[in-house]
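Below is one structure, written out as structure tokens; comments come after it.
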Amino acid sequence: MKHNQLSFRQKVYYAMPEIAFASVIAPVAGILPTLYAKHAMLSVAATGLIFLVMRIFDGVTDPLIGYLSDRTRTRIGARKPWIIVGGVLVMVSVFFLFRIPPDAGAGYFGAWALLYYLGNTMYAVPHMAWGSEITEDYNQRALVFSFRSIASECGTLTYTLLPLLLFYFGVVRSTEFTPEVIRWLAYVVLVTFPVLITLNVLLAPVGHLAPPERTTIKGVYSAVLHNAPLLRFLSAYVLAGAGYGFFAALFFPFLDSYMQLGDKVPVLIISMSLSALISLPVWVHVVSRVGKHRAWAYGWIINSLCLLPLAFVSPGESALYLVLLCFSVYGFSNGVSAIAPFALMADIVDYDILKTGVDRAGSFYAFLYLTAKLTAAIGGFALVILGMFFGYQLEEGVVNTSFSNMGIVILFCVVSGALQLTAIPLIWNFPINKRRHDIIRKRISQRLERAAHLQH
């Protein structure tokens, strides 16, 4: 099989597990903190601090798992065993985490969240690295990760459609995300997880992988610190990701508590997901025309602008259509963020291979995923700021002050977009474009041909 040529089915089988994993990622980060605050009496600040602790834990596990997956060799490939184990851990943790006992304390929430993030890392890091290994072509990589993004959006639609379906069939009394709805989501995940992972392991292509090198974790960190394109990329990712972290962490509190549109949250998430799905072919085309880095920057610009109108509207049903429009545009523009960074990282891995002769895809994607989690932690810090500085409260029946309301508006509508804009200068003229990547791949191929010739 030519590594640059992948069938439609191969792309689908590769992306398939993302449906299951994505169906719980957003609820864990964006909905559970609010539900635990409302129904398990955990403060906003406490849940925010727990997520910060999780990120410290990730700082150890992400690089370690990336390093180990690079050195794993089995009959089913380097990455698939990690996906299997990660899936099991996620299923166990979701079962307990999504129960939301009324007497659950910070220890209960923190322990199961810890297990969830460990399982999530064991899946996500190898899966992203795997996507870079099944094709070497600049534009094909964007297409591979667009399939991954489609699967992710399908997962998002799964958890957003669930409260609507449960309400339609009379299982719940409203379309809001309640502890009962979250429990049902856990049941759906427990049924679908094993099926999707089994199909992925049995039918997805393994991908090419260089023989394991005698390197150490210290060597991996040294390679990262001496890779200028990678450091520039991660810096931009931190800034832009922090902006999205603010958006994700404050999404549910802003809509449910401030805008008083809690029963419309599923509809709004669906509009964002459908917009993201529609956008993916558009962004793949834009990537082919202007490059991954420029397309990514265009997405940030649109993201930063579409939330500003929400700062000037009054809460209530009258704001619904403007909120729907703004969130739909945000979903469309954010579609590129599900393609560009992962495809760009694959090109950076190739640059490192040319420079050092070592394939560190797993380790490099671990740093990407760790950076993503750190930016989400910054989003968790937004909850801390909201609760401790602005005094915002999420408990039912509490009336927040005008100062508290101003805080959530500024953080959600202004700060999140401003952070993304600051990343543009770092990525606009990124050194690895299509022309440069073609040269890199040609030189790697020449090196491999010379090595093969010498062996014979």
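In table form, for the structure just shown:
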| quantity | calculated |
| --- | --- |
| Only listed residue being in contact with a His (Cβ under 8 Å, 6 or more places away or on another chain) and touching a residue at least 60 places away in the same chain (Cβ under 8 Å), chosen from Ile444, Ile427 | Ile427 |
| Meets criteria (surrounded by fewer than 20 Cβ atoms within 10 Å (Cβ to Cβ), more than 19 Å from Phe254 (Cα to Cα) and at pLDDT 85 or above) for Arg73 | no |
| Qualifying residue in the range 311-318 (condition: outside any loop (DSSP other than H, G, I, E, B) and crowded, with 18+ Cβ neighbours inside 10 Å) | no |
| Flag if Leu64 is in contact (Cβ under 8 Å) with a residue 12 or more places away in the chain, of a type outside the set (D, E, K, R) and assigned to a helix (DSSP H, G or I) | yes |
| Qualifying residue in the range 85-95 (condition: closer than 28 Å to His293 by Cα and either of a type outside the set (D, E, K, R) or in a loop (DSSP other than H, G, I, E, B) (or both)) | no |
| Selected residue (only one of Phe381, Phe390 is closer than 23 Å to Gln420 by Cβ and outside any helix (DSSP H, G or I)) | Phe390 |
| Residue within the range 14-29 that is in contact (Cβ under 8 Å) with a residue 24 or more places away in the chain, surrounded by fewer than 19 Cβ atoms within 10 Å (Cβ to Cβ), in a helix (DSSP H, G or I) and among the aliphatic types (A, V, I, L, M) present | no |
| The listed residue being assigned to a helix (DSSP H, G or I), touching a residue at least 40 places away in the same chain (Cβ under 8 Å) and farther than 24 Å from Lys434 by Cβ, out of Leu280, Leu234, Leu255 | Leu255 |
| Qualifying position, being surrounded by 15 or more Cβ atoms within 10 Å (Cβ to Cβ), modelled with pLDDT of 90 or more and either more than 30 Å from Leu419 (Cα to Cα) or touching a Leu at 6+ places or on another chain (Cβ under 6 Å) (or both), among Leu185, Leu209 | Leu185 |
| Qualifying residue in the range 330-338 (condition: assigned to a helix (DSSP H, G or I), within 27 Å of Phe403 (Cα to Cα) and of a type in the set (Phe, Trp, Tyr)) | yes |
| Among (1) crowded, with 24+ Cβ neighbours inside 10 Å; (2) under 21 Å from Ala113 (Cβ atoms); (3) touching a Ser or Thr at 6+ places or on another chain (Cβ under 7 Å), the one test that Ile339 misses | (2) |
| Residues being modelled with pLDDT of 90 or more and outside any helix (DSSP H, G or I) - total across the range 101-152 | 0 |
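The values are calculated or read from the model by the stated rules, or taken from the named source; none is laboratory data. Owing to the predicted nature of the structure, the values given are computational and were not obtained by experimental measurement. Here Cβ is always computed from backbone atoms with ideal geometry, including for glycine, and neighbour counts include all displayed protein chains.
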